[in-house]
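Visitor: Please see the structure below; I have some questions.
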Amino acid sequence: MTLIVGDGPLVAAGVYTTNQVVAAPVTLCRLRTPSSSTRAVIINSGNANACTGDAGMRDAEEMTAMVASKLGCSPTDVLVMSTGVIGRPMPMDKVRRGIDSAIAGLAPGEEAFVRASTAIMTTDAFRKSITASIEIQGSPYRVAAMAKGAGMIAPNMATMLAVVVTDAPLAQSDLVELLRHSADRSFNRVSVDGHTSTNDSLVLLSSGTGTPLAGSSLQQFRDFLGNTCIELAKQLVADGEGATHVMEIRVSGAASDDDANHIARIIGESPLVKTAITGSDPNWGRIVSAAGYAGRPIRPEMTSLKVLGVPLYKNGAPVPFDAATTSRLIKDSPTVVMELIVGDGSGTAIRWASDITVEYVRFNSEYTT
């Protein structure tokens, strides 16, 4: 159980799963964000509270009401997230004890932040968090963020929960755009297995007071927030339930940025591409052919590919290369950068995806049994 509480009202915005089957906490949070009076987020791991009907909604509402009663605020000012196994009733006796314990353990500082970001883990192999700071026109602002996610990760959010907090003063009217911009360039560009979850939630909370950032200052903070989210999202991919490599897929020369993004997504979700990288196999044909079936226009005669800087394919034809040396290079590189040119257009995109291993299959085949 994790509880995040603001000393006063927080400006809040959220983006959530695009799955049509959504968990009760997602339904509740959608109704309560954006807001300028949010006080807290209560998060449980181990049970998704998804596909649980009216009882699941009552349980989610009870969780927020219980936190609100302890903090002296309205239940509508409390957000809730859940993660874990789908379709099981919430063990509310345990949840109530957990909330009492979380209230009693509230504290400021790094140690409490570490405890909170650890408590939201489920199948994660390691804790995912990041802190960063920026100075804008002489004023320092900070961001701290935590996330969980390792499997059931796909674009349009992932099976992930993430909370980003900042002391930068931000207007509610700007918060949604800021968060969507950051999500579209980070969490919506990662994939482990192409499976979009029921519980994906990303919330941005601002405790900043004073005149909200505007103009070039807001733009500078937006870029900073986006880069921070990218680094956090890459941690999700690196923890892809047995993953040994992160694929960084850079597509250029497409007709539009959207086309480039779609092509990169298809490459990152290809089981054949994933297994090639797992086996350190520089099988460029899998990557090029995935771009060809992505359903977006490319120029085959102008298509070129480099992997970790090694030219493998240029202008529609293979390039001689040392396969053994390139294989060792892939094996020794935690991040495998693929640079694919698909034409002479202006569209570009970068996405991140994990490879896939026997450990991923073993874990997910035994997940509930």
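Laboratory data are not the source of any read-out in this text; all were calculated from the coordinates shown. Keep in mind the model is a prediction, meaning the values are calculated, not measured. Positions of Cβ are generated from backbone atoms using ideal geometry, with glycine treated the same way; all protein chains shown enter the neighbour counts.
Visitor: Rank Asp259, Asp322, Asp77 by mean-square fluctuation in a GNM of the chain with C-alpha springs under 10 angstrom and give only the top-ranked residue.
Guide: Of Asp259, Asp322, Asp77, the Gaussian network model singles out Asp322 as fluctuating most.
Visitor: Indicate, rounded to the nearest 5 percent, the antiparallel portion of the DSSP beta bridges found entirely in the chain.
Guide: That works out to approximately 65 percent antiparallel.
Visitor: Using a Gaussian network model on the chain with a 10 Å cutoff between Cα atoms, which of Arg299, Arg39, Arg265 fluctuates the most?
Guide: Arg299
Visitor: By counting other Cβ atoms within 10 Å of each Cβ, how are Thr52, Thr123, Thr275, Thr38 ranked from fewest to most?
Guide: Thr275, Thr123, Thr52, Thr38
Visitor: Continuing with the same structure: For region 58-92 and region 170-229, what is the separation of their Cα centres, given in Å?
Guide: Spelled out, the Cα-based centre of one part sits 24 Å from the other.
Visitor: How much net charge surrounds Met92 when only other residues with a Cβ under 10 Å from its Cβ are counted (Lys, Arg +1; Asp, Glu -1)?
Guide: Once positives and negatives cancel, what remains is +1.
Visitor: Work out from phi, with θ = phi - 60° and the Karplus expression 6.51 cos²θ - 1.76 cosθ + 1.60, the ³J(HN,Hα) of each residue of region 307-321, listed in order in whole Hz, and give x for Gly and Pro.
Guide: Here the 3J(HN,Hα) series is 10, 6, x, 8, x, 10, 7, 9, 6, x, 9, x, 10, x, 8 Hz.
Visitor: Tell me which chymotrypsin sites (Phe, Trp or Tyr not before Pro) from region 216-293 have a DSSP coil assignment and no more than 16 other beta carbons within 10 Å of their own.
Guide: Here the sparse-neighbourhood loop sites are Tyr293.
Visitor: List the residues whose amide H sits under 5 Å from the amide H of Val80, counting only those 5 or more places along or on another chain, with H placed 1.01 Å from N in the peptide plane.
Guide: Cys29, Ile42
Visitor: Given the rule -39500 (n - 2.57) for each run of at least 4 DSSP H residues, summed and divided by the residues of the chain, what is its mean residue ellipticity at 222 nm, to the nearest 500 deg cm²/dmol?
Guide: Calculated mean residue ellipticity at 222 nm is -11500 deg cm²/dmol.
Visitor: Taking the Cβ-Cβ separation of Ser365 and Ser207 as r and a Förster radius of 56 Å, what is the calculated FRET efficiency to the nearest 0.05?
Guide: Once rounded, the FRET efficiency stands at 0.80.
Visitor: Mind giving me the nanometre distance, one decimal, between the label points for Glu231 and Asp257, set 7 Å out from Cα along Cα→Cβ?
Guide: 2.2 nm
Visitor: Sort out for me the Cα centre separation of region 255-277 from region 111-127, rounded to whole Å.
Guide: After rounding, the separation between the Cα centres reads 30 Å.
Visitor: So which residue, out of Val319, Val337, Val237, gets the largest mean-square fluctuation from a GNM of the chain using Cα contacts under 10 Å as springs?
Guide: It is Val319.
Visitor: Let me ask something additional. Where nothing but the Cβ of Lys and Arg (+1) and of Asp and Glu (-1) is charged, how large is the charge dipole of the chain around its Cα centre, in debye to the nearest 20?
Guide: Charge dipole, the chain, about its Cα centre: 220 debye, nearest 20.
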